[in-house]
1. In nm, to one decimal, how far is the R36 label point from the A78 one, both placed 7 Å along Cα→Cβ?
2. Quick check: at a probe of 1.4 Å, how many percent of the accessible area of the chain sits on carbon and sulfur atoms?
3. Mean residue ellipticity at 222 nm from the helices of the chain, using -39,500 (n - 2.57) per DSSP H segment of n ≥ 4 over the full residue count, to the nearest 500 deg cm²/dmol?
4. Step through the residues of the range 44-58 one at a time and calculate ³J(HN,Hα) from phi using the Karplus curve (6.51 cos²θ - 1.76 cosθ + 1.60, θ = phi - 60°), rounding each to whole Hz and writing x for Gly and Pro.
5. Taking amide H positions as placed in the peptide plane 1.01 Å from N, state which residues far from A52 in sequence (5 or more) or on other chains have amide H under 5 Å from it.
6. Please give the helix 22-36 orientation as an angle from the longest Cα principal axis of the chain, in degrees from 0 to 90, rounded to the nearest 10.
7. Between D77, D55, D29, find the one with the highest GNM mean-square fluctuation for the chain; connect C-alpha pairs within less than 10 Å.
8. Taking only protein heavy atoms and a 1.4 Å probe, what accessible area per residue, in Å², does the chain have with all protein chains in place?
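The values are calculated or read from the model by the stated rules, or taken from the named source; none is laboratory data. Predicted, not measured: the structure shown is a model, and the values here were computed from it. All Cβ positions, even for glycine, are placed from backbone atoms using ideal geometry, and neighbour counts span all protein chains on display. Side chains included, ligands, DNA and RNA excluded: accessible areas come from the protein's heavy atoms. Shrake-Rupley method; radii C 1.70, N 1.55, O 1.52, S 1.80 Å.
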Amino acid sequence: MTLDDALVRALQTDLESAPITEAERAMLDFVVTLTRDATKVGPRHHQRLRAAGFDDTGILQITLIASWFNYVNRVADALGVGREPEGVPAPAG
């Protein structure tokens with residue numbers, strides 16, 4: 001969580017050049033791989049996380065949290081939660 005709007009914009013637009021630590025970069029790279037295709041996660045990802053300072057508990061926590069958010073978002077997307085039905089314009093606001 002951050003209140004730094006510039007950091008949020010940097011993470012959204014160009015993760016590679018965002019001003020974050022190497023540990024944060026290793027974690028986010030892992031999460032991106034996990035989110036895009038979890039079958040691509042392998043020992044090299046875990047080794048990089050360990051080299052960045054994460055222990056097995058930290059790696060498990062990162063994996064569980066990212067996976068949980070992926071799951072919840074997919075369920076919400078599949079059920080149309082937070083979206084207007086097709087053909088219905090979003091309310092002005």
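1. 2.4
2. Solvent-exposed carbon and sulfur of the chain make up 59 percent of the total.
3. -20000 deg cm²/dmol
4. These are the phi-based 3J(HN,Hα) values: 5, 5, 5, 4, 5, 5, 4, 5, 7, x, 8, 8, 4, 5, x Hz.
5. HN-HN under 5 Å from A52: empty list.
6. Between the helix axis and the principal axis of the chain, the angle is about 50 degrees.
7. Looking only at D77, D55, D29, the largest GNM fluctuation is found for D77.
8. I get 77 Å² per residue for the chain.
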